[in-house]
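Structure, as structure tokens:
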Amino acid sequence: MRIRTVLPTALLAVSGLLAGAGTTFAAGTGEEPSEGGGYPAYQCFETVGGEYCSDMEVNNDAEGAEWIWSCPSDVLKGVTSKPYLRDPRPEDALSCSGEASPEIDYPAFQCLKTLDRVEYCSDKKVKNHDLGNAWIKTCPPDVLKDKDKVYLLNNRPGDARHC
């Protein structure tokens, strides 16, 4: 059995995600969501490194669990809370998919995070990969030398920095 599935299994089983019991909790309040299970919403959980939330809304427990299993094993090792739902997605939430959802395509905001998790995003949506790369090259050398991940977002986070 892979480490990725061993560590959070008990946590997910307790929360009801594996069984699809509809017991995902809303916004970390400790209360069950209102009618309909709170879906569609962003699936989230806490780790020692911060809050992680899905890039796209999930429609049910199964989609939420699928998103959780997509997270890297090093993220899952640090899980400290039961999974819960958030709407809207917190701007500072981390992402398991390298900050970009596979469904996101151009035009989109081109973004990058530095090794210390500072986020930079283009001011306008870029239309293609070449324009995204051109925007990245406008960033200061000190930002580029600490660049960690490059990704696309449909909505520019309000706290993202400019290059």
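The values are calculated or read from the model by the stated rules, or taken from the named source; none is laboratory data. If you're wondering where the values come from, they're calculated on a predicted model, not measured in any experiment. Every residue, glycine among them, receives a Cβ derived from its backbone with ideal geometry; neighbour counts consider all protein chains shown. For the accessible areas, the whole protein counts, side chains as well, though only heavy atoms, and no ligand, DNA or RNA atoms are used. Shrake-Rupley method; radii C 1.70, N 1.55, O 1.52, S 1.80 Å.
Taking a straight line from the alpha carbon of Lys149, these lysines sit under 20 Å away, with near neighbours fewer than eight places off in the same chain left out: Lys113, Lys124, Lys125, Lys127, Lys137. At full extension, Leu131 and Asp87 could sit 12.7 nm farther apart than now, given 0.36 nm per residue minus the alpha carbon distance. Taken along the Cα-to-beta-carbon direction at a fixed 7 Å, the label points for Trp69 and Leu144 span 4.1 nm. Heavy-atom surface analysis with a 1.4 Å probe gives the stretch 51-163 a carbon and sulfur content of 48 percent of its accessible area. Available extension along the chain between Asp105 and Val118 is 2.4 nm, counting 0.36 nm per residue and deducting the alpha carbon span. Could you tell me whether the stretch 48-163 comes out rounded, prolate or oblate from its Cα gyration tensor? Rule is a ≥ b ≥ c as square roots of the eigenvalues, rounded for a/c under 1.5, then prolate if a/b exceeds b/c, otherwise oblate. It is prolate, given that a/c is not under 1.5 and a/b is the larger ratio.
About the centre of its Cα atoms, the stretch 76-157 shows a dipole size close to 100 debye [charges on the beta carbon of Lys, Arg (+1) and Asp, Glu (-1) only; nearest 20 debye].
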